[in-house]
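Written out below as structure tokens is the structure these notes cover.
The values are calculated or read from the model by the stated rules, or taken from the named source; none is laboratory data. If you're wondering where the values come from, they're calculated on a predicted model, not measured in any experiment. In this analysis, Cβ positions are derived from the backbone assuming ideal geometry, glycine residues included, and neighbour counts consider all displayed protein chains.
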Amino acid sequence: MTPEVRPERLVGDAPPVSRRLVGLLGPLLGLLVIIVAGGMAEYLKPPLGGLFSDLLHGRPIQAFSDYFSGGAPNYWGPQNQCMILTQTVMVAIGAIGMTMIIISGGIDLSVGSVIALAAVAAAWVVRLLAPSSAAAAGLTGDSALWLPLLALAVGMAVGTAAGATNGLLITRLKLAPFIITLGMMSFARGTAKWVANLERIATPSNWIMAFTEQRITLVDILPVNQAAGRPGPVFAFPLFSVPVSWWPGNWTGPVQTSWAVLLTIVLAVGAAVVLARVRFGRHIFAIGSNEATARLCGVQVERTKVWIYSLAGALFGLAGVTDYGRLTVGDPTTAIGKELDIIAAVVIGGGSLSGGSGSVFGALIGALLMAHLRNLCSHLDLPNFVQEMVVGVVIVVAVWLDSLRQKKKA
Amino acid sequence: MASDASQGAIPPAVAAAAPPVRLRMTGIDKSFGSTRALVGVDLEVRPGEVHALVGENGAGKSTLMKILSGALQPDAGHMVLDGAAYAPRGPLEARAAGVAMIYQELSLAPDLSVEENVLLGVEPTALGFVRRRAMRAQVEQALALLHHGDIHPAARVRDLSIGAQQLVEVARALAAKARVVVMDEPTSSLTQADTEVLFEVIGRLRNSGVSVIYISHFLEEVRAVADRFSVLRDGQSVGSGEVATTPTAEIIRLMVGRELADVYRRMPHAIGEPVLDLVALSGRKMPRGASLQLRRGEILGIAGLIGSGRTELVRAVFGLDPVASGQVRVAGVSTTGFGPPRMLGRGVGLLSEDRKSEGLAANLTVADNLTLSRLRPYVRWGLLSRGAIRQATGEWIRRLGIRTQGPDQPITGLSGGNQQKVALARLLHQEAEVLLLDEPTRGIDVGSKADIYALIGELAAQGKAIFWISSYLPELLGVCDALAVMHRGLLSPKRPVGEWTPEAIMHVATGGDADPAPAADAAGNPISAARPSAGAKETRA
């Protein structure tokens, strides 16, 4: 008889629980490397000099704390780190929406324009309905609450409409998302300029601006420890305070964050739960992984896609409103080129442009990573074009490293 | 088997009327434009039987199954499922009614887990949230029914072997409470071992009362798993019967409508001077030190299991994969390290095993595919002459009897057999003298296979050297002059085909030494021994 052949490796094991975390580890590591290396690089700058020039010139190295008591890198300062978080909000919210689109195997190039359109629309609503008495001083009375709320709703509605249009055109005309959203990119930008009449829309200040401002004090670092009657700072938390014996002199002042940052975190957690645990979320993965199969298994592929683009559009609209809050005006030329930052954030965070994989938290890390790069470059007094060059290199290196990791696993 | 309605097993009262019927398709008509794909087709499937649906490519099997699964609507005719009228308007309705399809190309979402794939579209949910525990329980139950609790429900499908993926598809059918499971060429990408596992699973499906419609080109497989068969030819039902009482030759006669006196007809051809020499050729991993000489007019078969390094061998010869050590010589001149363009220039051509993703350019026409590797003759004043290309393609279509609407038809519109003929025509068109053929007859119908065997014989008679990889022993034994066997990257010495038996080939292919094993059992004829299916036979008893 013919020799018997046993089946080989039929068994499939459950992936280790840590696998998803390991996926995040790469981008996180990259972020840490940038933070550590960036702060150290700041020593090289002439006014600080410090550690590096000591090393370079063979001088005896002083105690580590000496450097910090004088002037530590501003980039490393908690105030700056928190500011980066606030600066990331717009790209981060956009990246949450973009993650869903990219997991489904799609792409949305119109983000930047939709953000601008939503920002302009929100500002336009406030300017239109603001009582004439409200000047630059800000909104008062009844309208102080509901008018910005209405502006927020209009901004998100505009984003949703743009997303739904994208989704409907993609599924009805059966054209590539790249083409449809490229069209929307131009169309939405034009619309924004039309609505804004080619100007920035100035409005009375209101809570949307406060929302994106750093208003929540996590800890206030007081330069002089008045309580103990001796020099040295005090960490004044909202409910208690802790005196410390040393602290870099330039790292004093309140460490603050904004409501927008907290909202972003809540949105990210929500989106991650939807993607992992809700049927809709699993269908997004199924469509991106194998659309034909999803259709075969009764997934309403077209309807789901329209939902994905609409939901992402709502998030883009929200991002636009936060942009209006941060700039305090509705600027039709805002967020030009941000679509690339947002897509890059998703891709750095483990998203695959061919669909089927991606992670919300990965995308947030990706967004942070690029915000850090930009912030760092300005701290190092590097010109703008260097930032752009560095960001370009980082995108390619990050995705290349990720592909190496994937290959090793296989 | 209680539910098996074979002769004698039925109570007399029922037998007098008719055996129980799970599915009856009556007078199904379907036309696409002026093409009549199906003409009054009847099909009757009983509960708890494996029903083989056979026929050449283009006979209408796929169309019939698409109608059954709701993907297409028939122009006429009706279907009855377990006594109730059945007219699905879409795949979802068919699935709900208990008709499940398992396709040739696996239709799984590779990034999702086993359980998510099995229950895709029918996930148990509460307020939109997937109920993980219920999902796990349902999937474990389905896998246990297949006796494959060893597949973890949380495993990612991408990480599973093809065989295990196939089982996930079967589990999906089970989870959908399928009463009729259609399997379209399920073994075309499976190893022999996985095929046996699948056959066992099919046996279990049958034992649990599920009807299986099994589509296959391998009549040995049909013989191994099926109880009854139906044959389609040119969109018409031409016969059905019990597999056990029908000789294979009769089934082939029904399929092709003519006697296939000898599928493997040998053509006289003379063997000339050596043209391809491999000297201790090693790739990065495989092959390992392969040495071989191929002569003009010689048909050399390379047997071996899937994964034994045969494909890596031809790819290394053709310069698609790097050569780690050793030499390739074409007509005495070393071509080691040459890439495909220079190998083409030396008259070497490769037919890829992967027709869909590598062998042919799916978006292009027949003419584009056929002439892609040699466009120079059609350049006029620096521009390609479409007319000349079309004309030349037309000639090849005639010479090889390719069934197509014409040179401008997209290649995907052709049947598998005809696509393969286009791929072969490309090698001939580029005037290759050494033809490296990697599984040229995989997944094509009997008629096209016979055409390709004849063509290979003809080419050898013209003095071309044929290097032919195949997993199908009968064709190797039937057509080749000499055979060598690969096992884990090692190539056995080449021997004249007369010195090999199927047993000896399997012996070497599974790691025995190259000496032919003593033939333990003369009972196995070449055909049944080629794809041993002992497991399936047992489940049938």
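What are the residues in region B:83-96 that are out of contact with any His (no Cβ under 9 Å at 6 or more places or on another chain) and crowded, with 16+ Cβ neighbours inside 10 Å, if any? Before the answer, list the steps.
As a first pass, look at region B:83-96 and keep what is out of contact with any His (no Cβ under 9 Å at 6 or more places or on another chain): B:83-84, B:88-96.
Of everything in region B:83-96, those that are out of contact with any His (no Cβ under 9 Å at 6 or more places or on another chain) and crowded, with 16+ Cβ neighbours inside 10 Å turn out to be B:P88, B:P91, B:L92, B:A94, B:R95.
What residue, of B:G332, B:G283, B:G297, B:G319, is closer than 17 Å to B:L490 by Cα and assigned by TED's automatic domain parsing to the domain that holds B:A504? Walk me through it before giving the result.
On the way: B:G332 fails: closer than 17 Å to B:L490 by Cα; B:G297 fails: closer than 17 Å to B:L490 by Cα; B:G319 fails: closer than 17 Å to B:L490 by Cα.
When all the criteria are applied, what remains is B:G283.
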*asked:* For region B:376-433, give me each residue that is of a type in the set (V, I, T), in a helix (DSSP H, G or I) and surrounded by 15 or more Cβ atoms within 10 Å (Cβ to Cβ).
replied: B:I389, B:T393, B:I397, B:I411, B:V422
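Of the residues that make up region B:193-204, is at least one under 22 Å from B:E56 (Cα atoms) and touching an Asp or Glu at 6+ places or on another chain (Cβ under 9 Å)?
Just the residues of region B:193-204 that are under 22 Å from B:E56 (Cα atoms), to begin with: B:195.
Now drop any that are not touching an Asp or Glu at 6+ places or on another chain (Cβ under 9 Å), which leaves B:195.
Checking region B:193-204: at least one residue is under 22 Å from B:E56 (Cα atoms) and touching an Asp or Glu at 6+ places or on another chain (Cβ under 9 Å).
Is it fair to say B:G301 is farther than 27 Å from B:E503 by Cβ, among the small types (G, A, S) and crowded, with 18+ Cβ neighbours inside 10 Å?
For B:G301, the condition - farther than 27 Å from B:E503 by Cβ, among the small types (G, A, S) and crowded, with 18+ Cβ neighbours inside 10 Å - is not met.
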*Is it the case that some residue within region A:250-260 is under 26 Å from B:R132 (Cα atoms) and either touching a Cys at 6+ places or on another chain (Cβ under 6 Å) or within 13 Å of chain B (Cβ to nearest Cβ) (or both)?*
no
_Can you go through A:F280, A:F316 and tell me which one is buried (at least 24 other Cβ atoms within 10 Å of the Cβ) and in contact (Cβ under 8 Å) with a residue 12 or more places away in the chain?_
A:F316
*asked:* Condition check: more than 14 Å from chain B (Cβ to nearest Cβ) and modelled with pLDDT of 95 or more. Does A:K338 satisfy that?
replied: no
*Return a yes/no flag: does region B:97-106 have any residue that is facing chain A (nearest Cβ under 7 Å), in contact with a helix residue (DSSP H, G or I) (Cβ under 8 Å, 6 or more places away or on another chain) and either surrounded by fewer than 23 Cβ atoms within 10 Å (Cβ to Cβ) or of a type outside the set (K, R) (or both).*
no
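Please state which one of A:T203, A:T264, A:T217 is within 24 Å of A:G325 (Cα to Cα) and surrounded by fewer than 18 Cβ atoms within 10 Å (Cβ to Cβ). It would help to see each step written out before you state the result.
Working: A:T203 fails: surrounded by fewer than 18 Cβ atoms within 10 Å (Cβ to Cβ); A:T264 fails: surrounded by fewer than 18 Cβ atoms within 10 Å (Cβ to Cβ).
Matching residue, one of A:T203, A:T264, A:T217: A:T217.
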*Among (1) more than 30 Å from A:T217 (Cα to Cα); (2) away from every other protein chain (no Cβ under 14 Å); (3) in a helix (DSSP H, G or I), which single condition is A:A319 missing?*
(1)
*Kindly provide the set of residues from region B:170-197 that are buried (at least 23 other Cβ atoms within 10 Å of the Cβ) and of a type outside the set (V, I, T), ordered by number.*
B:A171, B:R172, B:A173, B:L174, B:A176, B:A178, B:M183, B:P186, B:D194, B:E196
*asked:* Quick test for you: out of B:V182, B:V243, pick the one residue that is out of contact with any Pro (no Cβ under 9 Å at 6 or more places or on another chain), of a type in the set (A, V, I, L, M, F, W, C) and within 14 Å of chain A (Cβ to nearest Cβ).
replied: B:V182
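Would you confirm, using the coordinates I've provided, whether A:V274 is in contact with a helix residue (DSSP H, G or I) (Cβ under 6 Å, 6 or more places away or on another chain), surrounded by fewer than 21 Cβ atoms within 10 Å (Cβ to Cβ) and in the same structural domain as A:V360 (by TED's automatic domain parsing)? Reasoning before the result, please.
On the way: in contact with a helix residue (DSSP H, G or I) (Cβ under 6 Å, 6 or more places away or on another chain): yes; surrounded by fewer than 21 Cβ atoms within 10 Å (Cβ to Cβ): yes; in the same structural domain as A:V360 (by TED's automatic domain parsing): yes.
When the stated conditions are applied, A:V274 passes them.
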*Residues of region B:325-370 satisfying the condition of being under 25 Å from the mean Cα position of the chain (by Cα), crowded, with 21+ Cβ neighbours inside 10 Å and farther than 17 Å from B:I402 by Cβ*: B:G349, B:L350, B:S352
*Between residues in region B:88-102 that are in the same structural domain as B:E169 (by TED's automatic domain parsing) and residues that are of a type in the set (K, R), which pairs lie under 6 Å by C-beta distance while being six or more apart or on different chains?*
B:G98/B:K177; B:G98/B:R179
*Any residue in region B:109-132 that is touching a helix residue (DSSP H, G or I) at 6+ places or on another chain (Cβ under 8 Å), crowded, with 16+ Cβ neighbours inside 10 Å, away from chain A (no Cβ under 12 Å) and farther than 24 Å from B:S216 by Cβ?*
no
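Inside region B:18-123, counting only helices (runs of 4 or more DSSP H) that do not spill past its ends, which hold 2 or more residues that are basic (K, R)? Working first, answer last.
On the way: elements: B:61-68, B:91-97, B:114-118.
Of the helices (runs of 4 or more DSSP H) lying wholly inside region B:18-123, those with at least 2 residues that are basic (K, R) span B:61-68.
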*asked:* Residues that are within 25 Å of B:P474 (Cβ to Cβ), among the hydrophobic types (A, V, I, L, M, F, W, C) and in a loop (DSSP other than H, G, I, E, B): does region B:299-313 have at least one?
replied: yes
_Would you confirm, using the coordinates I've provided, whether A:R303 is of a type in the set (K, R) and either within 14 Å of another protein chain (Cβ to nearest Cβ) or without any contact (Cβ under 8 Å) to a residue 24 or more places away in the chain (or both)?_
yes
